[in-house]
Amino acid sequence: MYEVEMKFPVEDAAAIESRLLALGAASRGTVSQLDRYFNHPCRDFALTDEAVRLRRAGERVELTYKGPRVDAVTKTRREHSLPLAAPDTFGGPRATVEAWTGLLVSLGFRVVAEVAKDRTALSLERGSLAVEIAIDTVAGLGAFVELELLAEEAGLDAARNCLRDLARELGLTVSERRSYLELLLEGRGGEAAGSAGS
């Protein structure tokens, strides 16, 4: 499966959420997320446009690999995401992240940075496609709206067209292809390793 995504900086996130609800989007609530990104011991993810990320979202923890972007307009890429052990196994979600960080560091991976955000999740049916929408308030960056679909290779064009049409309908015109990680690292003049993060 491919993750087809478009992301837009916004000044009035509440207005976008209101528009989405008026279009029939279903809200799934808001959760705080902490994403910890890693660089590979043998290849530089900043150069290969890949990412390995541990995400804590409320009580859930998952490990994700994101491959390089496959087009020049959207942030379409292959993604593998796996839920990790139930939080109580390691003493809670924070402890789970630390335990997995220890494993990855022992294997030679290096922690690059963390991205903290509050994410309001919505879903919207567009024909036969179910668009996942995230309204993010990212520490140090501001507010963004992400539109996302999962698609098989044969459905990539339909997914891209769906997201472009929805973006136009919402008045979102300036797409941001850089990840939150890239934006944060560029803002602090740091090493842009692990560029594929959301």
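The values are calculated or read from the model by the stated rules, or taken from the named source; none is laboratory data. This one's a predicted model, so the numbers in the text were calculated from it and none came from an experiment. Neighbour counts run over all protein chains shown; Cβ positions are idealised from the backbone, glycine included. Areas reflect the complete protein model, heavy atoms only, side chains present, ligands, DNA and RNA absent. Shrake-Rupley method; radii C 1.70, N 1.55, O 1.52, S 1.80 Å.
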Are there any pairs, at least 6 apart or on different chains, whose C-beta atoms fall under 7 Å, with the first in the stretch 47-70 and at positive phi and the second open to solvent by less than 40 Å² (accessible area, probe 1.4 Å), and if so, which? D49/S195; D49/A196
Residue among E114, E125 that is assigned to a strand (DSSP E or B) and out of contact with any strand residue (DSSP E or B) (no Cβ under 7 Å at 6 or more places or on another chain): E125
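Out of the residues in the stretch 128-164 meeting the condition of being part of a helix (DSSP H, G or I) and without any contact (Cβ under 8 Å) to a residue 24 or more places away in the chain, tell me which one is farthest from the chain's Cα centre (by Cα). Walk me through it before giving the result.
Just the residues of the stretch 128-164 that are part of a helix (DSSP H, G or I), to begin with: 153-164.
If we keep only those that are without any contact (Cβ under 8 Å) to a residue 24 or more places away in the chain too, we end up with 154-155, 157, 161.
On the way: A154: 23, G155: 20, D157: 20, N161: 20 Å.
Among residues in the stretch 128-164 that are part of a helix (DSSP H, G or I) and without any contact (Cβ under 8 Å) to a residue 24 or more places away in the chain, the one farthest from the chain's Cα centre (by Cα) is A154.
Scanning for something touching a strand residue (DSSP E or B) at 6+ places or on another chain (Cβ under 7 Å), at pLDDT below 95 and of a type outside the set (F, W, Y), does the stretch 134-151 turn up at least one residue?
Filtering the stretch 134-151 for residues touching a strand residue (DSSP E or B) at 6+ places or on another chain (Cβ under 7 Å) gives 134-139, 142-151.
Subset that is at pLDDT below 95: 150-151.
With the extra rule that they be of a type outside the set (F, W, Y), the set shrinks to 150-151.
Checked against the condition, which is being touching a strand residue (DSSP E or B) at 6+ places or on another chain (Cβ under 7 Å), at pLDDT below 95 and of a type outside the set (F, W, Y), the stretch 134-151 yields at least one hit.
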In the stretch 71-83, what residues are of a type in the set (A, V, I, L, M) and modelled with pLDDT under 90? A72, V73
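Yes or no: G24 exposed (fewer than 13 other Cβ atoms within 10 Å of the Cβ), in contact with a strand residue (DSSP E or B) (Cβ under 8 Å, 6 or more places away or on another chain), touching a residue at least 40 places away in the same chain (Cβ under 8 Å) and in a loop (DSSP other than H, G, I, E, B)? If you could, list the steps in order and put the result at the bottom.
Numbers: exposed (fewer than 13 other Cβ atoms within 10 Å of the Cβ): yes; in contact with a strand residue (DSSP E or B) (Cβ under 8 Å, 6 or more places away or on another chain): yes; touching a residue at least 40 places away in the same chain (Cβ under 8 Å): yes; in a loop (DSSP other than H, G, I, E, B): yes.
Considered against the rule, which asks whether it is exposed (fewer than 13 other Cβ atoms within 10 Å of the Cβ), in contact with a strand residue (DSSP E or B) (Cβ under 8 Å, 6 or more places away or on another chain), touching a residue at least 40 places away in the same chain (Cβ under 8 Å) and in a loop (DSSP other than H, G, I, E, B), G24 comes out as yes.
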Within the stretch 96-125, can you find the residues that are among the charged types (D, E, K, R) and at pLDDT 95 or above? R110, E114, K117, D118, R119, E125
Out of all the residues in the stretch 73-88, is one or more open to solvent by 20 Å² or more (accessible area, probe 1.4 Å), in a loop (DSSP other than H, G, I, E, B), within 25 Å of S175 (Cα to Cα) and of a type outside the set (F, W, Y)? yes
What number of residues in the stretch 129-142 are of a type in the set (A, V, I, L, M, F, W, C), closer than 21 Å to S18 by Cβ and either in contact with a Ser or Thr (Cβ under 9 Å, 6 or more places away or on another chain) or surrounded by fewer than 18 Cβ atoms within 10 Å (Cβ to Cβ) (or both)? 5
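Among the residues in the stretch 82-99, are any charged (D, E, K, R) and touching a residue at least 40 places away in the same chain (Cβ under 8 Å)?
Going residue by residue through the stretch 82-99, those that are charged (D, E, K, R) are 88, 94, 98.
Going one step further and asking which of them are touching a residue at least 40 places away in the same chain (Cβ under 8 Å), we end up with none.
No, because not a single residue in the stretch 82-99 is charged (D, E, K, R) and touching a residue at least 40 places away in the same chain (Cβ under 8 Å).
Residue by residue, here is whether (1) open to solvent by 20 Å² or more (accessible area, probe 1.4 Å); (2) over 15 Å from the mean Cα position of the chain (by Cα); (3) of a type in the set (K, R) holds:
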residue: L34; (1), (2), (3): yes, no, no
residue: H40; (1), (2), (3): yes, yes, no
residue: R43; (1), (2), (3): yes, yes, yes
residue: A46; (1), (2), (3): yes, yes, no
residue: L54; (1), (2), (3): no, no, no
residue: G58; (1), (2), (3): yes, yes, no
residue: E62; (1), (2), (3): yes, no, no
One residue is enough: does the stretch 161-174 have a residue meeting the conditions open to solvent by less than 50 Å² (accessible area, probe 1.4 Å) and touching a Ser or Thr at 6+ places or on another chain (Cβ under 6 Å)? no
Which numbered condition K7 fails, given (1) over 19 Å from V138 (Cβ atoms); (2) open to solvent by less than 30 Å² (accessible area, probe 1.4 Å): (1)
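Please go through the stretch 110-128 and pick out each residue that is open to solvent by 40 Å² or more (accessible area, probe 1.4 Å) and closer than 23 Å to F45 by Cβ. Lay out the reasoning, then the answer.
Going residue by residue through the stretch 110-128, those that are open to solvent by 40 Å² or more (accessible area, probe 1.4 Å) are 110-111, 114, 116, 118, 125-128.
Answer for the stretch 110-128, where residues must be open to solvent by 40 Å² or more (accessible area, probe 1.4 Å) and closer than 23 Å to F45 by Cβ: R110, V111, E114, A116.
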